[in-house]
1. Just a yes or no: is a residue in region 68-76 of a type in the set (D, E, K, R) and either touching a helix residue (DSSP H, G or I) at 6+ places or on another chain (Cβ under 7 Å) or at pLDDT 90 or above (or both)?
2. What residue, of Asp53, Asp100, is on the phi < 0 side of the Ramachandran plot, in contact with a Gly (Cβ under 6 Å, 6 or more places away or on another chain) and not hydrophobic (A, V, I, L, M, F, W, C)?
3. Taking the stated definitions as given, is Ile14 within 13 Å of the chain's Cα centre (by Cα), surrounded by 14 or more Cβ atoms within 10 Å (Cβ to Cβ) and among the β-branched types (Val, Ile, Thr)?
4. Here are the criteria: (1) loosely packed, with under 15 Cβ neighbours inside 10 Å; (2) hydrophobic (A, V, I, L, M, F, W, C); (3) modelled with pLDDT under 90. Tell me which single one Ile42 does not satisfy.
Amino acid sequence: MKKRVVVIDDDYPIRLLLEKVLERSYNVMAFNNVGKAVEYMIQNGNPDVIITDIKLPVIDGKDFLKNIKSSARFNSIPVVVVSSWNDENIKLECSNSGADGYIQKPFDPQVVVKIIDEVVNRADKHKFLVG
């Protein structure tokens, strides 16, 4: 059975790209906002990994990350941030808030696949920062 990935990004082309490159190995559910993604997770159980953008409508990715990592129900889900922000302070803030990886846009789709594979299948807890 394929592992499940939830993608949250309000940019349709990025959502579609992530779906297409990951769907060979994963069941991918993609959402344009945090509310829809959380509703899906409540109804269908925790995914094996969440990929989220930072700049999102209503609840941004940094707040979502902090909230999910402080939630008893969701805190064990690995979260990988995919963002166009190229700021070391933001990367550090995401890491300190519990992000398991940070990938800067634009990205090589195959690098995303590799990192998601490693995050989902790893035994240790080191973090992945790309870009």
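1. From region 68-76, those of a type in the set (D, E, K, R) are 69, 73; that's our starting set.
This time we only want the ones that are either touching a helix residue (DSSP H, G or I) at 6+ places or on another chain (Cβ under 7 Å) or at pLDDT 90 or above (or both), so: 69, 73.
Looking for residues that are of a type in the set (D, E, K, R) and either touching a helix residue (DSSP H, G or I) at 6+ places or on another chain (Cβ under 7 Å) or at pLDDT 90 or above (or both), one finds at least one in region 68-76, hence yes.
2. Working: Asp100 fails: in contact with a Gly (Cβ under 6 Å, 6 or more places away or on another chain).
The match here is Asp53.
3. Details: within 13 Å of the chain's Cα centre (by Cα): yes; surrounded by 14 or more Cβ atoms within 10 Å (Cβ to Cβ): yes; among the β-branched types (Val, Ile, Thr): yes.
So Ile14 fits the description; yes.
4. (3)
The values are calculated or read from the model by the stated rules, or taken from the named source; none is laboratory data. Quick caveat, the model's predicted, so the values are computed rather than measured. Don't worry about glycine lacking a Cβ; one is built from the backbone with ideal geometry, like all the others, and counts go over all protein chains shown.
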